[in-house]
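Values in this text are rule-based calculations from the coordinates and carry no lab data. Note that the structure is predicted; figures quoted are calculated from it, not measured. Because the Cβ atoms are built from the backbone with ideal geometry, glycine has one as well, and the counts that use them run over all protein chains shown.
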Amino acid sequence: VSTETVTGGTQLAQRRPRPARTVRAGRLLDGLIRSVVPVALALGAGAILLLALGRHPLAFYGDIWTNGVENGAWQDSATRMAPFLLIAAGLTVIFRANIWNLGYNGQFLLGAALVSGYGPGLVNDVPLWAAMVVLFLLAGAVGALWTLIPAVLKARYGTNEIITTLMMSFIGIDLASILIKGPFHDSTTPLPQTAVLTKMLPSIPGTRIHVGLLVAFAAVLVVHYVLTRTSWGLRLQIMGANPRAARHFGIDLPRLIVVAFLVSGFMVGLAAAADILGLQGYIRTGWNPAYGDTIIPFVFLARLNALAVVPFIAFFSVVSTGGDIAAADASLSTNFLLVLVGLILLFMTVIEYLGRRRELGASYLTPGLRQALRAPLVRRRSS
Amino acid sequence: VILASQVWTQVFWTSVLAGGLLAGVPLMFTALGEAISERAGVLNIGLEGMMLVGAYAGFLGAYYGHSMWFGYLAGMGAGMLASCFMVVLCVWLGLDQIVVGIAITLAGEGITSVLYQSQFSETQPRLGGIHTAPIPMLDRIPVLGKTINGEFPLFSQPLLVYLGLAFAVLLAWVFRSTNIGLNLRAAGERPEALDAAGISVVATRSYAALATGALAGLGGAYLAIAGTGGFQDFLTQGQGYMAIVIAMLARGRPIAVVVFSLMFGIALSLSGLLQIAGINLSPEVVHMLPFAAIIVALMLFARRAYLPPALALPYVRGAR
């Protein structure tokens with residue numbers, strides 16, 4: 001046992017018990033700090049980067065605010081939230097089980113291809129509400145189906161799901177492209193794209209935000225309820241924390257893995273339906289927004305809590321809506337936003353680490369790091 | 001003009017091999033890097049970002065240095081720089097390797113695009129031709145000397161390709177028969193045993209992660225300099241992820257990495273060749289084939305992809 005664990009232990013023992021309310025408030029504050037500080041640090045580092053590129057950081061961030069929130073732009077941001085929230089809900093479910101579904105791009109695009117392929121015909125043949133329900137379910141089903149092989153391989157043989165979901169994602173992207181060029185191709189245009197939807201999702205009265213956002217909020221609430229208030233959610237969490245304990249507990253792990261995958265894929269499929277039916281209206285080959293890549297950080301920042309992810313997604317929607325325009329104004333590549341998201345992730349892991357060390361009352365540096373820092377200075381004693 | 005029948009009999013298959021080599025070499029370098037770090041217990045999901053950073057730096061080096069060797073060196077340096085994040089955050093501090101890897105990929109995609117657009121968006125310069133080193137005698141074989149699509153002839157490749165193949169053989173020997181290889185493998189299989197033997201797990205993994213960054217950067221640089229002759233946003237198109245899969249399927253064995261990389265390279269280059277040969281198979285179908293093949297293989301031989309037990313787990317001395 002190292003000395004620091006002992007001193008840490010005595011510190012813990014000496015601490016007086018605090019009333020439950022303060023503890024709870026403290027924990028909330030702690031969570032808030034751990035979530036907001038990485039974002040602030042990333043914006044700061046991004047500002048330095050902007051300065052280095054010869055842009056004015058405050059003007060850039062101000063431009064994001066202007067074009068993402070002011071003058072009704074918040075409605076565009078809110079519209080973008082719908083697919084983001086659904087993907088976040090899907091990723092939250094699977095990450096809680098400590099399983100990596102990294103095939104969201106393939107699941108999303110396949111769902112999108114089917115919706116934009118069957119949508120234009122269906123909205124004219126049956127009542128709009130029925131068409132929308134069918135299309136949402138269809139996209140969800142395809143998304144879920146596309147996780148089935150990785151899920152079964154993981155459940156039966158323990159095959160690494162990172163490989164299999166990525167493989168299925170590449171296949172799904174190609175397959176979507178084949179569908180758009182083949183059976184779903186709009187014969188009136190030589191361009192490789194589907195027919196444009198004549199009827200889209202209706203707007204929420206008084207706004208230009210489509211009702212897909214309400215679907216997304218409902219999905220987030222359901223996921224949160226299931227994860228925190230049902231035995232299925234508890235079993236999922238136990239499996240994520242310790243699969244061996246879960247097996248001793250009598251949990252049917254293979255089945256739980258498969259169901260978690262299916263739910264995750266279903267949510268990603270719903271996101272595709274919301275995006276196509278509410279905003280895009282059609283799909284071209286080569287269109288791959290890769291929403292999931294930028295959503296992952298916020299799912300982690302929300303500490304895998306489906307409700308806590310909402311403010312982060314709202315923040316990111318503003319940044320992405322305003323950022324597209326701000327980047328164009330500053331004649332920067334819009335991929336600058338990817339840098340910001342990457343920085344948020346990096347700072348998040350660091351802050352998380354510092355918080356964990358502080359809780360344990362230990363030094364911020366691991367023994368390995370201290371040794372590595374000291375190694376160049378201290379010569380090793382020959383024994 | 002080459003007639004279709006001629007294409008099938010003669011030049012086509014040489015072109016397939018040569019194209020596979022051209023597209024496979026970046027994958028090979030990157031996957032060899034991933035094999036090193038996976039064996040040492042570091043899962044590097046950030047390969048895509050490291051490749052892109054290496055590709056951009058390689059492009060800059062070759063463009064301003066007027067030599068592909070400057071480019072390769074710059075690519076390796078940039079890849080190592082990117083992997084420093086991995087070393088400090090994951091190996092030293094024990095943070096989540098997958099989260100940091102995703103962060104490196106995102107930041108790498110973003111920063112290369114931003115820098116390229118701000119410097120070269122108007123000009124979009126191309127790099128000059130690449131010097132190749134013909135193998136004496138073999139390069140005179142008439143049939144094998146021609147290619148359709150501007151690939152390097154089979155026996156007249158850039159020097160780096162020969163060096164890379166030699167490196168793979170060297171690496172196989174290092175893994176099998178040297179102490180360094182033993183230490184690397186122990187860091188992934190049973191780090192506490194390596195620690196008990198008096199060798200630092202942290203240092204071993206750090207060197208492995210740095211080597212991965214250098215090789216991924218080199219792979220990216222080769223892709224930009226020899227493969228496409230220039231840079232563009234998202235140049236690698238998921239090849240970093242492919243490299244991870246190759247390393248996992250090859251179970252970290254360097255020679256198997258080379259073979260798998262060439263197979264993937266052939267699949268990547270085949271679609272263009274088939275179109276030139278007048279076969280109207282959709283490029284997506286061809287592009288999809290290797291992935292579909294892997295999924296089928298995984299379903300049939302489900303335990304093929306072996307991973308070291310300590311992969312992606314930070315090493316904490318004394319923890320159980």
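Counted residue by residue at 0.36 nm each, then reduced by the alpha carbon distance between them, the extension gain from A:H56 to A:D30 reaches 6.1 nm.
With charges set only on the Cβ (+1 for Lys and Arg, -1 for Asp and Glu), what does the dipole of chain B come to about its Cα centre, in debye to the nearest 20?
Charge dipole, chain B, about its Cα centre: 800 debye, nearest 20.
Between the Cα long axis of helix B:239-249 and the first principal axis of chain B there is an angle of about 60°, rounded to the nearest 10. Charge tally around B:E284: other residues with Cβ under 15 Å, Lys/Arg +1 each, Asp/Glu -1 each, net +1. If you take the Cα centroid of segment A:163-232 and the Cα centroid of segment B:183-229, the two points sit 40 Å apart. Across segment B:161-174, coupling constants 3J(HN,Hα) worked out from phi with the 6.51/-1.76/1.60 Karplus curve, θ = phi - 60°, read 5, 4, 4, x, 5, 5, 4, 4, 5, 4, 5, 4, 5, 4 Hz, and Gly and Pro carry x. Remind me, relative contact order of segment B:3-82 in percent, using alpha carbon pairs under 8 angstrom and six or more residues apart? Once divided by the residue count of segment B:3-82, the mean separation gives 20 percent. Just B:T228, B:T30, B:T105 to compare: in a GNM of chain B, with alpha carbon springs under 10 Å, which one fluctuates most? Checking each option, the largest mean-square fluctuation is seen for B:T228.
Take B:E122, project a point 7 Å from its Cα along the Cβ direction, then tell me which residues of segment B:54-84 have their backbone nitrogen under 19 Å from it. Correct set: B:64. A cut-off under 14 angstrom between Cβ atoms defines the neighbours of A:E352, and their net charge, with Lys, Arg +1 and Asp, Glu -1, is +2. For A:H210, the amide hydrogen comes within under 5 Å of the amide hydrogens of A:I204, counting only partners 5 or more places away or on other chains and with H modelled in the peptide plane. Helical content alone sets the calculated 222 nm signal of the protein assembly as shown at -22500 deg cm²/dmol, taking -39,500 (n - 2.57) per DSSP H segment of four or more residues and averaging over every residue. Scalar couplings 3J(HN,Hα) for segment A:297-307, obtained by applying the Karplus form with A = 6.51, B = -1.76, C = 1.60 to θ = phi - 60°, are x, 6, 5, 6, 4, 7, 6, 6, 10, 5, 6 Hz; x denotes Gly and Pro. How far is it, in nm, from the label point at A:R21 to the one at A:A47 when both lie 7 Å from their Cα along the line to the Cβ? Result: 3.7 nm between the two label points. Treating each Cα of chain A as an identical point scatterer and summing with the Debye formula, the log10 of I(q)/I(0) at q = 0.07, 0.13 Å⁻¹ comes to -0.39, -1.18. Distances between placed amide hydrogens fall under 5 Å for A:Q193 paired with A:D186, all partners being 5 or more residues away or on another chain.
Remark: segment A:220-232, residue by residue, has Karplus-estimated 3J(HN,Hα) of 4, 5, 4, 4, 4, 4, 5, 6, 9, 10, 10, 5, 4 Hz, where x stands for each Gly or Pro and the curve is 6.51 cos²θ - 1.76 cosθ + 1.60 at θ = phi - 60°.
Assuming R0 = 41 Å, can you tell me the calculated FRET efficiency for the pair A:R358 and A:S331, based on Cβ-Cβ distance, to the nearest 0.05? Efficiency computed from Cβ-Cβ geometry: 0.45.
What is the angle, in °, between the Cα long axis of helix A:161-181 and the longest principal axis of the Cα atoms in chain A? Nearest 10 is fine, range 0 to 90. So the helix axis and the longest Cα principal axis differ by about 20 degrees. Pick out which of A:R80, A:R96, A:R358 has the largest mean-square fluctuation in a Gaussian network model of chain A, springs linking Cα atoms closer than 10 Å. Judging by the Gaussian network model, the answer is A:R358. With a simple spin-label model that places each label point 7 Å from the Cα along the Cα-to-Cβ direction, the separation between B:L300 and A:V37 comes to 5.3 nm. Within the listed set B:V53, B:V259, B:V285, the residue fluctuating most in the Gaussian network model of chain B (springs between alpha-carbon atoms under 10 angstrom) is B:V285. Projecting label points 7 angstrom from Cα along Cα→Cβ for A:F315 and B:H66 puts them 5.0 nm apart.
The magnitude of the dipole of the protein assembly as shown, with charges of +1 and -1 set on the Cβ of Lys/Arg and Asp/Glu and taken from the Cα centre, is near 2780 debye.
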